[in-house]
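Single-structure report; data block below.
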Amino acid sequence: MIPEEFPPFVYEVSSLSRLFCREFAITFHADELFSKGHRLPGFASFTVEIFHRLYYEPAPDKLDPSPPESAWAEKLHDEFSEIIGFLDLVRQCEGNQLASGVATMEFCKTVLDRLPQPGYKLQDPQKLRDFIKRLKNSSASPAKILQQMSNLNKQEKKELNDLIGSVGNDTDEVVAALRLLGKSAVQDAQYYTQGLDSSEIRQTIRAAVAETEEKLSQVSQWLEMMGLSWGIEEGTEQTVDSAQKMELASRIATNEKLKLIAKLSGSLKDIADKKRRTKTENAFGELSTIELGNNLSRLLPCELQKLAQPELFPLFAKGYYEHSLLQYKIVGKEKKSKGPLIVCLDSSGSMAGLPDTWAKAVTAVLLQIAKKDKRHFRVIHFDTRVRQTDDFPPKHHDYRKFLDSMLSFYSGGGTNWEPALTEAIKCLDNTKSLHKADIVLITDALCDMRQDVLEKLKAHKQHLETNIFSILIGKHNEKNLTKFSDRIWVIRDLSPEADYQIEELFLI
């Protein structure tokens, strides 16, 4: 159960931080964390304080005085402030509800897992104080007031109900018993704190920071899979707020296939980004004229000679750092089309498992490219027929729809390329704005295409200025694909090296 209230424990915490932290915990179903945290008094408040320090204020004002049972949390806070990586976490999370929530929950989960278990159950003194306060301000019986208290779990209510039964349902008697119990609870919490070794706390915090950084990296991959980021989005007409990102990230967090697609697409995106960065400077082309720069592969011989003469090396170094060396200028011959991007995804039975997941990861990276280039993006799922078509217009990507598309799979049929390619061409032929498209076919099986269909496909390709790129997964012969494909990649097995084999695809 996620608490509704978080009493002050070590620091002053803003009401906004309390609200945002609880909202995040509800979205990500953090009930288990708070349930486990009941073994440490004030753990829920400690969690909100961590959120507040990351989201709003790294060094908030301390309570004066703080509850005596909060000593364990104060030790952890102090070590957290001193640890290498604290300020880096703050910079990543500051003002961002999603990042702060992810970091807080992962940090507190690791702390709970690594801190020594108390030798016996620690009662929460603050809940006993709340009970006493209510008893003093109400004429109702202790048993009735206990039933109305929402900040107690079932076990705590049972224990307090037993206490009432042992002393009677008289308010004064119950208050006296609660004060004795509270005094004992404070002493138990202090004994627990005294038993915490400083080096053990330091190791716990270091481990928590490391786990938190890894979790933030993982969620970053989830967002990147959809072309999103932690911050404000650019290139879209709709605003993707923190709440929507939390909902999307929560859905990925609870689905193993989506998490694997995000992981695979992350490594593919790194390759795509690197390839696209070097697209112009390393493009194949013609020498046109001379320019100034520091590209070693294009320097004129007169500049290279300076490297062979020690007395001229300082002059070479100066020119290199100032980008003022003489070099050949290249005019590339690359295709400049930025038309729509259509992916035909084979959903036949043989694609089940890793082939389908890898194909979806490739699709996710192509979506990011289309989004960045403001291109229309379409996914056609097929087996022996077209099963589903998902459209993502420029600047109006439906992220929930995209996750649905990544989970779509139809394993009952065989493979037939004709319906998917025909559907793709038909779409282009009917919509003039979708001319000059790039079509990517991803499949793991071969099939025969009728000659009349091939002839129509070739004619439409020429008329619409369309390219078809094919990825064939498995140990098959690509002969049938050569009849209509402009480029073919054959992936014999889906090892990590497969990602690099298709790097040229990300230049389309």
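The values are calculated or read from the model by the stated rules, or taken from the named source; none is laboratory data. It should be emphasised that the depicted structure is a prediction, and the values quoted were computed from it without experimental measurement. Here the Cβ positions follow ideal geometry from the backbone for every residue, glycine too, while neighbour counts run over all protein chains shown. Quick note on the areas: whole protein, heavy atoms, side chains included, nothing else; ligands and nucleic acids left out. Shrake-Rupley method; radii C 1.70, N 1.55, O 1.52, S 1.80 Å.
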### Query
Name the residues in the range 28-54 that are within 17 Å of ASP130 (Cβ to Cβ) and of a type in the set (Gly, Ala, Ser), would you?
GLY42, ALA44, SER45
### Query
With respect to GLU159, is the statement that it is at pLDDT 90 or above and acidic (Asp, Glu) true?
no
### Task
Taking ILE442 as meeting all but one of (1) farther than 20 Å from LYS483 by Cβ; (2) not in a loop (DSSP other than H, G, I, E, B), write down the number of the exception.
(1)
### Query
Given the conditions (1) touching a Phe, Trp or Tyr at 6+ places or on another chain (Cβ under 7 Å); (2) open to solvent by 40 Å² or more (accessible area, probe 1.4 Å); (3) of a type outside the set (D, E, K, R); (4) in contact (Cβ under 8 Å) with a residue 60 or more places away in the chain, which single one is not true for PHE402?
(2)
#### Entry: Residue list for the range 129-158, restricted to those being in contact with a helix residue (DSSP H, G or I) (Cβ under 9 Å, 6 or more places away or on another chain) and within 23 Å of PRO68 (Cβ to Cβ)
ARG129, PHE131, ILE132, ARG134, LEU135, LYS136, MET149, ASN151, LEU152, ASN153, GLU156
### Message
I'd like the residue in the range 130-153 that is open to solvent by 20 Å² or more (accessible area, probe 1.4 Å) and aliphatic (A, V, I, L, M) and, out of all such residues, is nearest to GLU5 (Cα to Cα).
### Response
ILE132
### Message
I'd like to verify a number: residues in the range 424-435 that are at pLDDT 80 or above and open to solvent by 60 Å² or more (accessible area, probe 1.4 Å), how many?
### Response
1
### Message
Quick check on ALA262: is it surrounded by 19 or more Cβ atoms within 10 Å (Cβ to Cβ), over 18 Å from the mean Cα position of the chain (by Cα), assigned to a helix (DSSP H, G or I) and touching a residue at least 24 places away in the same chain (Cβ under 8 Å)?
### Response
no
### Query
Regarding LEU441, is this residue surrounded by fewer than 16 Cβ atoms within 10 Å (Cβ to Cβ), within 28 Å of the chain's Cα centre (by Cα), in contact (Cβ under 8 Å) with a residue 60 or more places away in the chain and closer than 23 Å to GLY349 by Cα?
no
### Summary
For the range 499-508, the count of residues that are closer than 16 Å to LEU441 by Cα and surrounded by fewer than 18 Cβ atoms within 10 Å (Cβ to Cβ) equals 4
### Query
Got a sec? Which of PHE86, PHE80, PHE51 is touching a helix residue (DSSP H, G or I) at 6+ places or on another chain (Cβ under 8 Å), within 23 Å of ARG202 (Cβ to Cβ) and surrounded by fewer than 18 Cβ atoms within 10 Å (Cβ to Cβ)?
PHE86
### Message
List the helices (runs of 4 or more DSSP H) inside the range 139-198, counting only whole elements, that have at least 3 residues being basic (Lys, Arg).
### Response
154-167
### Message
Please verify whether LEU464 is at pLDDT below 85, closer than 23 Å to LEU507 by Cβ, open to solvent by less than 20 Å² (accessible area, probe 1.4 Å) and not β-branched (Val, Ile, Thr), treating the condition exactly as stated.
### Response
yes
### Query
Can you tell me which residue in the range 111-129 is farthest from LEU76 (Cα to Cα), limited to those that are open to solvent by 10 Å² or more (accessible area, probe 1.4 Å) and assigned to a helix (DSSP H, G or I)?
ARG129
### Query
Do you know which residues across the range 1-12 are at pLDDT below 95 and β-branched (Val, Ile, Thr)?
ILE2
### Among residues of the range 341-399, those that are over 16 Å from VAL440 (Cβ atoms), open to solvent by 40 Å² or more (accessible area, probe 1.4 Å) and within 24 Å of the chain's Cα centre (by Cα), counted
9
### Query
Is it true that some residue in the range 120-132 is over 30 Å from TYR55 (Cβ atoms), in contact with a Gly (Cβ under 7 Å, 6 or more places away or on another chain) and not charged (D, E, K, R)?
yes
### Task
Give the residues of the range 174-190 that are surrounded by 15 or more Cβ atoms within 10 Å (Cβ to Cβ) and over 19 Å from PRO68 (Cβ atoms), sorted by residue number.
VAL174, VAL175, ALA177
### Query
Limited to the range 1-45, what total is found for residues that are surrounded by fewer than 16 Cβ atoms within 10 Å (Cβ to Cβ), in a helix (DSSP H, G or I) and small (Gly, Ala, Ser)?
2
### Task
Among the numbered conditions (1) more than 26 Å from PHE131 (Cβ to Cβ); (2) touching a residue at least 24 places away in the same chain (Cβ under 8 Å); (3) open to solvent by 10 Å² or more (accessible area, probe 1.4 Å); (4) assigned to a helix (DSSP H, G or I), tell me where GLU57 comes up short.
(4)
### Query
Can you pull out the residues in the range 191-232 that are open to solvent by less than 70 Å² (accessible area, probe 1.4 Å) and of a type in the set (Lys, Arg)?
LYS215
